[in-house]
Amino acid sequence: MVDSSNAQLVMVLEDEVSMAFPMIVDGLREVIRRDASPDWNEYDVYHELKLKSAQLFIGYADGEYQGFMVMTEGHDQMFIWIIYTTPNKLDMFDDHMETVCNYARGEDKKYLKFGTTRKGWLKVAPKYGFELDEYRFRRTL
């Protein structure tokens with residue numbers, strides 16, 4: 001998938017996951033660190049990718065690694081489970097959102113969704129066409 005002349009989003013095929021995973025593992029660990037309490041770890045992501053329960057997309061800007069997205073599919077939606085942009089690179093959302101939307105439409109999805117624990121997205125998400133869909137609560141047992 002090509003976004004523009006300087007940005008490209010590449011879908012990683014199932015048999016390429018083992019080779020691509022080392023490229024994203026540090027980014028996964030950074031997302032886990034920032035999130036503070038996710039209910040998943042990098043091994044869970046690898047497992048879901050290998051089972052084809054999730055799809056990995058790697059972003060490039062000007063031919064250099066930019067970051068990645070991990071997405072899952074539901075009946076009528078595509079869900080961005082994880083997104084990571086390397087420091088000092090253009091934002092994955094900025095460069096690849098239209099490509100992701102086009103991909104989801106091509107898969108006959110009606111919605112593109114994502115979740116976050118970071119409040120800053122309440123202001124940022126609408127700039128990309130997202131609207132608040134739900135509030136979620138969790139109780140530790």
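Given the structure, is residue 17 in contact with a strand residue (DSSP E or B) (Cβ under 9 Å, 6 or more places away or on another chain), surrounded by 14 or more Cβ atoms within 10 Å (Cβ to Cβ), β-branched (Val, Ile, Thr) and over 21 Å from residue 115 (Cβ atoms)? Step through it out loud before you land on a result.
Details: in contact with a strand residue (DSSP E or B) (Cβ under 9 Å, 6 or more places away or on another chain): yes; surrounded by 14 or more Cβ atoms within 10 Å (Cβ to Cβ): yes; β-branched (Val, Ile, Thr): yes; over 21 Å from residue 115 (Cβ atoms): yes.
When the stated conditions are applied, residue 17 passes them.
Within the bounds of the range 29-48, is there any residue that is more than 21 Å from residue 79 (Cβ to Cβ), buried (at least 16 other Cβ atoms within 10 Å of the Cβ) and of a type outside the set (D, E, K, R)?
Scanning the range 29-48 turns up no residue that is more than 21 Å from residue 79 (Cβ to Cβ), buried (at least 16 other Cβ atoms within 10 Å of the Cβ) and of a type outside the set (D, E, K, R).
If you take the residues of the range 58-89 that are assigned to a strand (DSSP E or B) and among the β-branched types (Val, Ile, Thr), which of them is surrounded by the fewest Cβ atoms within 10 Å (Cβ to Cβ)? Break it down stepwise before answering.
Narrowing the range 58-89 to residues assigned to a strand (DSSP E or B): 58-61, 64-73, 77-85.
Then drop every residue that is not among the β-branched types (Val, Ile, Thr), which leaves 58, 70, 72, 80, 82-83, 85.
Working: 58: 19, 70: 21, 72: 15, 80: 20, 82: 22, 83: 21, 85: 20.
Among those residues, the one meeting the criterion is 72.
Pull out all pairs, ordered by first then second residue, where Cβ-Cβ is under 6 Å, the residues are six or more apart or on different chains, the first lies in the range 75-87 and is without any contact (Cβ under 8 Å) to a residue 40 or more places away in the chain, and the second is assigned to a strand (DSSP E or B) and basic (Lys, Arg).
So the pair list comes out as 77/113; 79/113.
I'm told residue 101 meets every condition in (1) at pLDDT 90 or above; (2) closer than 22 Å to residue 36 by Cβ; (3) not β-branched (Val, Ile, Thr) except one. Can you identify the failing condition by its number?
Only one criterion is unmet by residue 101, namely (2).
The values are calculated or read from the model by the stated rules, or taken from the named source; none is laboratory data. Small disclaimer: the values here were computed from a predicted structure and weren't measured. When we count neighbours, we look across all protein chains shown, and the Cβ atoms used for this are built from the backbone with ideal geometry, even at glycine.
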